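Worksheet for the structure shown next.
The values are calculated or read from the model by the stated rules, or taken from the named source; none is laboratory data. It should be emphasised that the depicted structure is a prediction, and the values quoted were computed from it without experimental measurement. Positions of Cβ are generated from backbone atoms using ideal geometry, with glycine treated the same way; all protein chains shown enter the neighbour counts. Each accessible area value is taken on the protein alone, full model and side chains, heavy atoms only, with ligands, DNA and RNA left out. Shrake-Rupley method; radii C 1.70, N 1.55, O 1.52, S 1.80 Å.
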Amino acid sequence: QVQLVESGGGLVQPGGSLRLSCVSSGSIFSIYAMGWYRQVPGKQRELVASITSGTRTNYADSVKGRFTISRDNAKTTVYLQMNSLKPEDTAVYYCNTGPTVSRKFSWGQGTQVTVSS
C-alpha cells in the first residue's frame, strides 16, 4: 500500500511563502497524475493544483499565479511552492492522485498551513 507523507506547513504572515513536500513510499507514484488538495473544518476537500505524470499542470483559479506544483519522480516527491500567501489559504494540505485518477492512495495526515499576522 502506498503511503503519502506531507510536510512543510507552518505559520506564515500574509505575503509570505512556503514549500510543501509530499513523499510517496512507492515508485508506482511516477505513473500517476498527482494533486495537492486542501481542507478547512466544515468544508469539503478541494483541489488546489495537479500535475500529470509528465509536467502538465493545472491550478484552481484562487491560486493561479501564486502556487506552483512540481514533481521529482526519482525522489517520488511532489512539491507545492506557495507564494503571496493569503489568510484564505489557511487549511490542511494533502496530496494524492490527480482528480481524474480513480485510484486514490490512503490519505496522509496532511500538513497545516496557517496564514496570519
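Taking the condition over 25 Å from Gln1 (Cβ atoms), of a type in the set (Gly, Ala, Ser) and either free of Cβ contacts under 8 Å to residues at least 24 places away in the same chain or open to solvent by 10 Å² or more (accessible area, probe 1.4 Å) (or both), does Ser17 pass? For Ser17, the condition - over 25 Å from Gln1 (Cβ atoms), of a type in the set (Gly, Ala, Ser) and either free of Cβ contacts under 8 Å to residues at least 24 places away in the same chain or open to solvent by 10 Å² or more (accessible area, probe 1.4 Å) (or both) - is met. Taking the conditions (1) farther than 19 Å from Thr100 by Cα; (2) in contact with an Asp or Glu (Cβ under 7 Å, 6 or more places away or on another chain) in turn, Tyr37 satisfies each one other than (1). Has the range 74-81 got any residue that is open to solvent by 70 Å² or more (accessible area, probe 1.4 Å) and under 18 Å from Ser7 (Cβ atoms)? Checking the range 74-81: at least one residue is open to solvent by 70 Å² or more (accessible area, probe 1.4 Å) and under 18 Å from Ser7 (Cβ atoms).
If you filter the range 26-46 down to residues that are polar (S, T, N, Q) and open to solvent by less than 80 Å² (accessible area, probe 1.4 Å), you find that the one that is farthest from Tyr93 (Cα to Cα) is Ser30.
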